[in-house]
1. Considering each of A:Tyr148, A:Tyr131 in turn, give the residue that is under 28 Å from A:Phe363 (Cβ atoms), at pLDDT 95 or above and in a strand (DSSP E or B).
2. Which number in (1) within 14 Å of chain A (Cβ to nearest Cβ); (2) assigned to a loop (DSSP other than H, G, I, E, B); (3) touching a strand residue (DSSP E or B) at 6+ places or on another chain (Cβ under 9 Å) marks the one condition that B:Leu376 misses?
3. Kindly list the number of the only condition in (1) of a type in the set (Val, Ile, Thr); (2) more than 30 Å from B:Pro229 (Cα to Cα); (3) within 14 Å of another protein chain (Cβ to nearest Cβ) that fails for A:Ile328.
4. Could you tell me whether A:Gln10 is within 9 Å of another protein chain (Cβ to nearest Cβ), surrounded by fewer than 22 Cβ atoms within 10 Å (Cβ to Cβ) and either of a type in the set (S, T, N, Q) or assigned to a helix (DSSP H, G or I) (or both)?
5. Considering (1) surrounded by fewer than 18 Cβ atoms within 10 Å (Cβ to Cβ); (2) more than 21 Å from B:Asp60 (Cβ to Cβ); (3) free of Cβ contacts under 8 Å to residues at least 60 places away in the same chain; (4) of a type outside the set (D, E, K, R), say which one A:Pro28 fails and leave the rest.
6. Yes or no: the range A:224-247 includes at least one residue that is touching a residue at least 60 places away in the same chain (Cβ under 8 Å), assigned by TED's automatic domain parsing to the domain that holds A:Pro279, of a type in the set (Val, Ile, Thr) and assigned to a loop (DSSP other than H, G, I, E, B).
7. Determine which single condition A:Val20 fails, assuming it passes every other condition in (1) closer than 30 Å to A:Lys239 by Cβ; (2) of a type in the set (A, V, I, L, M); (3) more than 7 Å from chain B (Cβ to nearest Cβ); (4) out of contact with any strand residue (DSSP E or B) (no Cβ under 9 Å at 6 or more places or on another chain).
Number of protein chains: 2
Amino acid sequence: MINKVFSAKQLDDKDPLRHVAERFSLPPNTVYLDGNSLGPLPKAAQTRAQEVVNNQWGTDLIKSWNCHDWINLPQKVGDKIGALIGAGKGQVVCCDSISINLFKVLSAALKMRPERKVIATTRDNFPTDIYMVQGLLSLLGDEYSIRYIDEADVESQLTDDIAVLMLTQVNFRSGFKQNMEAVTRQAHTMGILTLWDLAHSAGAFVVELDECQVDFAVGCTYKYLNGGPGSPAFVYVAKRHQEEYRQPLSGWMGHKSPFAFTPDYEAQNSVNQNLCGTPAILSMSVLDAALSVFESVTLKAIDEKSKKLQAFFAAEGKRAGLCDYMEIVSPAIENRGSQLALSHPDAYAICQAWIAEGVIADFRAPNILRIGFAPLYLSFADVELAVLKLAEIMRNKTYENEVFQRKQHVT
Amino acid sequence: MINKVFSAKQLDDKDPLRHVAERFSLPPNTVYLDGNSLGPLPKAAQTRAQEVVNNQWGTDLIKSWNCHDWINLPQKVGDKIGALIGAGKGQVVCCDSISINLFKVLSAALKMRPERKVIATTRDNFPTDIYMVQGLLSLLGDEYSIRYIDEADVESQLTDDIAVLMLTQVNFRSGFKQNMEAVTRQAHTMGILTLWDLAHSAGAFVVELDECQVDFAVGCTYKYLNGGPGSPAFVYVAKRHQEEYRQPLSGWMGHKSPFAFTPDYEAQNSVNQNLCGTPAILSMSVLDAALSVFESVTLKAIDEKSKKLQAFFAAEGKRAGLCDYMEIVSPAIENRGSQLALSHPDAYAICQAWIAEGVIADFRAPNILRIGFAPLYLSFADVELAVLKLAEIMRNKTYENEVFQRKQHVT
């Protein structure tokens, strides 16, 4: 048995973020290691949901577009998200889903590099990212193609026939994290436009879009940003590209003057051009309130606590002998996001058995137990308990119970 | 002065839908003639909003995808909407916005008529419908084109080079209503696929998609379906086309097996293929509950009451001398949807002055005062009061007050 250097209690006591958990409405007797899939409910979001439904929709009805400024909500929320990903104002807007935003950006980017016909991405990118490229190519025809590169050494695989390099910063399975700054710089030396998917980045650690000179980015808001199930996504278009940027999902809300009802589309020369249909006011309002949990908290502090939680998990796991049962398939802590992947042939059933013990993580096919570390509400005591429960499950092979083997939809 | 045949009270007393208003949470001292823009809050939606936020998201967290069946919500809500627009099960799915759904269907439809290169629509269609075609054409290139036809006599303008005919059933300004059955039949004799936008139809009157042999349809849910601000839209793909249908916004939720995370997109051969990103669970749940106001109410009864309300408005307006001030620019009652358009150069200010008196309608540039009749919660007494207030405003020229002339965003 390895001795502990610090107890969970000691670590919690000196955690500068320990009070932030109070901003969330968390269920009792639960350790939630799945905030990287669906963040929990912030109390402010709970209050706002009631306010927007009962008072804004219920009482002020259509007048709310003006009196509650619904009309500017996508920009307002966009700027709030921007502040969390190193984007100056006027470059992020909240709308639609990651998938749809990828389609917009990819189409626009290809137009900006008319002589190039290749979209490059990693084979192990999140499937929807790849599927959206495939869908776009089905419209554009054989002239265009997708090129798969290895995620391990992106820079060396860049060539000057690539129009857009589309990368997810953190691999959804392993947690492997790209060096945004180095990759973007190298891409730019070849004239390649970069599009970063921040699904597992935004709200989890420091992202510096402006400083890294990123061209475009997209991300979702229901993971580390705690916006609620299916909350709207966001898209970033660097200021320098906004004049030239033209995306084809040209709905009325991206028009220069949506309420003039002019016969021809005229794009706004701003990130707002990404707006398409009527904004999802209800869920966007909830998200707007949810973002208040980040007030007076720095991403740096979040990142530091995440690393400590992960190190503590690893140390406790070692003490409990977890390494005898499962393999860590994530890279070293400095090269991964705020998550950890353990592999086991029975990962699905293990995940179910863990849930039955009150510890919620998730499963990624075919054999990954994925653990998210969301430092805003996770304590060291939570991690200690989670390890204890997992070790019990592995030791007693509880997961072999057929109840846990029965497959359900998993997200 | 013309005598009344029936008083508002008499008409309300014998209205078979008079109790349905109780299913809504309506603000006091308000006559809401804008349910064709944003429907009011159903009490069931209010309850569900709390339930989905506090219990499903807050307590059951990620497990809700299974235990509250979030994963099947788009189909479940789709089928409920289907029942209101004459669509058998498995042909409607709830997702995204009208604009985005138009893009999907138009792209898919063009692929189904590879030898044809024309999309036909009316010049006075709702702008976003036209803008989406323009956006699609910007991707497809010069080979394809949009052709504008006159809404008055669509059938005579159909030719066999048209791939898709995209029509909004009810004109958003005038309320002019197309004959869906006749137009679709004539289009089919020329091999043209039909795409109907039901923005101002769904929930307002009887729509028979299957019976009219419509090919595709889209619609929003925040107007007559009372789904809340920015609630997700729907799309209909007739069963007979689902095998061939391929739309390019091929996100993971439209994949045959979204959680297998396979490298290549494989489309579901069903209407579900229109799913793209993660569904907007929060607002879709609220919409799901909102649809319960239609239980034990027929669209026929809604339509009949709408016509009576409109006739009563016209009769009362005549009695009050409104015709001296404003012109009706809608077609006769049998050729329009559940709305009425009055024109006046100061329509914007008149609308504002009416709102100040507690009567909410809306303005459509440049000169239309648009009045929606939503029979589920509107009484004849409401209509009587609305006319009275409008007549006062016109007589006293209250709208000339600069407070009412000051423009705001309008939706």
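1. After applying the criteria, what remains is A:Tyr148.
2. B:Leu376 satisfies all of (1) within 14 Å of chain A (Cβ to nearest Cβ); (2) assigned to a loop (DSSP other than H, G, I, E, B); (3) touching a strand residue (DSSP E or B) at 6+ places or on another chain (Cβ under 9 Å) except (1).
3. The failed condition is (3).
4. Numbers: within 9 Å of another protein chain (Cβ to nearest Cβ): no; surrounded by fewer than 22 Cβ atoms within 10 Å (Cβ to Cβ): yes; either of a type in the set (S, T, N, Q) or assigned to a helix (DSSP H, G or I) (or both): yes.
Spelling it out, it is not the case that A:Gln10 is within 9 Å of another protein chain (Cβ to nearest Cβ), surrounded by fewer than 22 Cβ atoms within 10 Å (Cβ to Cβ) and either of a type in the set (S, T, N, Q) or assigned to a helix (DSSP H, G or I) (or both).
5. Of (1) surrounded by fewer than 18 Cβ atoms within 10 Å (Cβ to Cβ); (2) more than 21 Å from B:Asp60 (Cβ to Cβ); (3) free of Cβ contacts under 8 Å to residues at least 60 places away in the same chain; (4) of a type outside the set (D, E, K, R), only one is false for A:Pro28: (2).
6. No - not one qualifying residue is present in the range A:224-247.
7. (1) is the only condition that A:Val20 fails.
Residue by residue, here is whether (1) surrounded by 17 or more Cβ atoms within 10 Å (Cβ to Cβ); (2) more than 11 Å from chain A (Cβ to nearest Cβ) holds:
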{"position": "B:Asp264", "(1), (2)": "no, no"}
{"position": "B:Gly277", "(1), (2)": "yes, no"}
{"position": "B:Ala280", "(1), (2)": "yes, no"}
{"position": "B:Val286", "(1), (2)": "yes, no"}
{"position": "B:Glu295", "(1), (2)": "no, yes"}
{"position": "B:Leu299", "(1), (2)": "yes, yes"}
{"position": "B:Ala311", "(1), (2)": "no, yes"}
{"position": "B:Ala315", "(1), (2)": "no, yes"}
{"position": "B:Cys323", "(1), (2)": "no, yes"}
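The values are calculated or read from the model by the stated rules, or taken from the named source; none is laboratory data. Values in this document were obtained by computation on a predicted structure and should not be read as measured data. Counting neighbours? That spans all protein chains shown, and the Cβs are built from the backbone with ideal geometry, glycine included.
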